[in-house]
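These notes concern the structure reproduced below.
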Amino acid sequence: MLPSMLRHGVISTCFAGDIDLGYLIGKGFDAVRDALNQLVPNESPRAKNTLARFLNIQPGDIVALKSHSAPKQAEPRLVVARYAIVSGARRAKYKLLDDLGHSIEVDFLGDQEPVEFRYGYGGTLHEVEAAERISAIFGPFHAATRAASTSTSPRSLTDKATHESMIEARGAYIMTRVHNELQNAFRGRLVSLYGADAVKQEQNYIDLLVSLPDKLILVEVKASASAVTCVREALGQVLQYAWQLRPDPRSIEYIVVGPTAAMPDAAQFLDFIRATTSLNIGYCSVDGHSSLYTNPSKTVILAGMPE
């Protein structure tokens, strides 16, 4: 289902997909549920609850689309394929699509590798309310999308020829905002560890550079929720920096900074890169960096694709 959602710029659910329910958007859970009892009495209670929640998603809500949530042995597991923010001003924008059913327009954020969390979310749609889970699953996207939903800046980027280019422009705005917030926060972290005089920003296109007597620390900031995607996107830049800095006799440490903590697949990827290239490269979230060693650090809607 995800390729079709990306193509249309929507999230969708297919329950009772032959009835236009656009007039119920934003009417409240109980009102929508009562209407569904009349319209589709034979649908299951679970399906009607899902539709009632779906039709009350609000503009500015951030959505994580799961690829699956089957447990790994005895451990719960949630795998998120993409993130999006719900479009619209006062109400979400509804469509009834032949191939997807009930659909709501969204702005998809950047492409990414799947990112895994130790939470269990079966079924189609869940509202995430616990602060620690919002922080873990959505990270800085939560704050950035809230700010963007009240800003006119993204809309000034949408005067393009196609719907796809509009989605791309708004999504790029969100990702840029997340990148800048991460960069600012990590700069503060580095200044607290090494002092303001040692930390440079945007020098020779390097996001952040720490210059110490015995080593250089080069930091590349990436906004993807997937640590693997962050490392993959940063690697070419990191290699270019290594090439440009060859005359410097100091050792060089490379840090890729992303919004979320690294899972085991990212650690394995980094081990492979270090063994293959001899680069002293690590990944961390903003709060995960230590002056001693770079280690993987330790009202919102979660919508899932049908399993």
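Would you check if there is a residue in the range 106-117 being part of a helix (DSSP H, G or I) and modelled with pLDDT of 90 or more? No - not one qualifying residue is present in the range 106-117.
Give the residue that is farthest from the chain's Cα centre (by Cα), with candidates limited to residues of the range 237-271 that are small (Gly, Ala, Ser) and within 28 Å of Ala64 (Cα to Cα). Can you show your working first?
Taking the range 237-271 first, the residues small (Gly, Ala, Ser) are 242, 251, 258, 261-262, 266-267.
Next cut, within 28 Å of Ala64 (Cα to Cα) only: 258, 261-262, 266-267.
Numbers: Gly258: 10, Ala261: 13, Ala262: 14, Ala266: 16, Ala267: 19 Å.
Looking at residues that are small (Gly, Ala, Ser) and within 28 Å of Ala64 (Cα to Cα), I get Ala267.
Listed by first and then second residue, the pairs linking a residue in the range 174-198 that is farther than 14 Å from Gly139 by Cβ to a residue that is among the hydrophobic types (A, V, I, L, M, F, W, C) and at pLDDT below 90, with Cβ atoms under 7 Å apart and 6 or more places separating them unless they lie on different chains, are Arg189/Val286.
As a summary of the residue check, Tyr94 satisfies the conditions (1) under 29 Å from Pro264 (Cβ atoms); (2) open to solvent by 20 Å² or more (accessible area, probe 1.4 Å); (3) touching a Leu at 6+ places or on another chain (Cβ under 9 Å); (4) not aliphatic (A, V, I, L, M) except for the one numbered (1). Is it true that Pro213 is more than 28 Å from Val79 (Cα to Cα) and not aliphatic (A, V, I, L, M)? Yes; evaluated as a whole, the condition is true for this residue. Scanning the range 264-282 for residues that are in contact with a Ser or Thr (Cβ under 9 Å, 6 or more places away or on another chain) and of a type in the set (A, V, I, L, M, F, W, C) returns Ala266, Ile281.
Considering every residue within the range 232-246, establish whether at least one is closer than 21 Å to Asp111 by Cα and either among the basic types (Lys, Arg) or in contact with a helix residue (DSSP H, G or I) (Cβ under 8 Å, 6 or more places away or on another chain) (or both).
yes
Provide a single number: the residues in the range 14-24 that are under 30 Å from the mean Cα position of the chain (by Cα) and surrounded by fewer than 19 Cβ atoms within 10 Å (Cβ to Cβ). Count: 4. Scanning the range 169-223 for residues that are buried (at least 19 other Cβ atoms within 10 Å of the Cβ) and in a strand (DSSP E or B) returns Val199, Ile206, Asp207, Leu208, Leu209, Val210, Ile217, Leu218, Val219, Glu220, Val221.
Of the residues screened, Val40 is one that is in contact with a helix residue (DSSP H, G or I) (Cβ under 9 Å, 6 or more places away or on another chain), open to solvent by 10 Å² or more (accessible area, probe 1.4 Å) and more than 25 Å from Ser135 (Cα to Cα).
Results for (1) of a type outside the set (Lys, Arg); (2) surrounded by fewer than 19 Cβ atoms within 10 Å (Cβ to Cβ); (3) not in a helix (DSSP H, G or I), shown as yes or no for each residue.
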site: Ser12; (1), (2), (3): yes, no, yes
site: Lys27; (1), (2), (3): no, yes, yes
site: Leu36; (1), (2), (3): yes, no, no
site: Arg53; (1), (2), (3): no, no, no
site: Val80; (1), (2), (3): yes, no, yes
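Would you check if Arg7 is within 25 Å of Arg133 (Cβ to Cβ) and either open to solvent by 60 Å² or more (accessible area, probe 1.4 Å) or in a loop (DSSP other than H, G, I, E, B) (or both)? Don't jump to the end; show me each part of the working.
Working: within 25 Å of Arg133 (Cβ to Cβ): no; either open to solvent by 60 Å² or more (accessible area, probe 1.4 Å) or in a loop (DSSP other than H, G, I, E, B) (or both): yes.
Spelling it out, it is not the case that Arg7 is within 25 Å of Arg133 (Cβ to Cβ) and either open to solvent by 60 Å² or more (accessible area, probe 1.4 Å) or in a loop (DSSP other than H, G, I, E, B) (or both).
Of the residues in the range 235-253, none is open to solvent by less than 10 Å² (accessible area, probe 1.4 Å) and modelled with pLDDT of 90 or more. Pull out all pairs, ordered by first then second residue, where Cβ-Cβ is under 7 Å, the residues are six or more apart or on different chains, the first lies in the range 89-115 and is at positive phi, and the second is of a type in the set (Val, Ile, Thr). Matching pairs, first to second residue: Gly101/Thr13. Being surrounded by 14 or more Cβ atoms within 10 Å (Cβ to Cβ) and either at pLDDT 95 or above or in a strand (DSSP E or B) (or both) is the requirement here; does Lys66 meet it? Here the answer is yes, as Lys66 does meet what is asked.
The values are calculated or read from the model by the stated rules, or taken from the named source; none is laboratory data. Since the structure is predicted, the reported quantities are computational estimates derived from the model, not experimental observations. All Cβ positions, glycine included, derive from the backbone under ideal geometry; neighbour counts span all protein chains shown. Heavy atoms of the whole protein, side chains included, go into the accessibility calculation; ligands, DNA and RNA do not. Shrake-Rupley method; radii C 1.70, N 1.55, O 1.52, S 1.80 Å.
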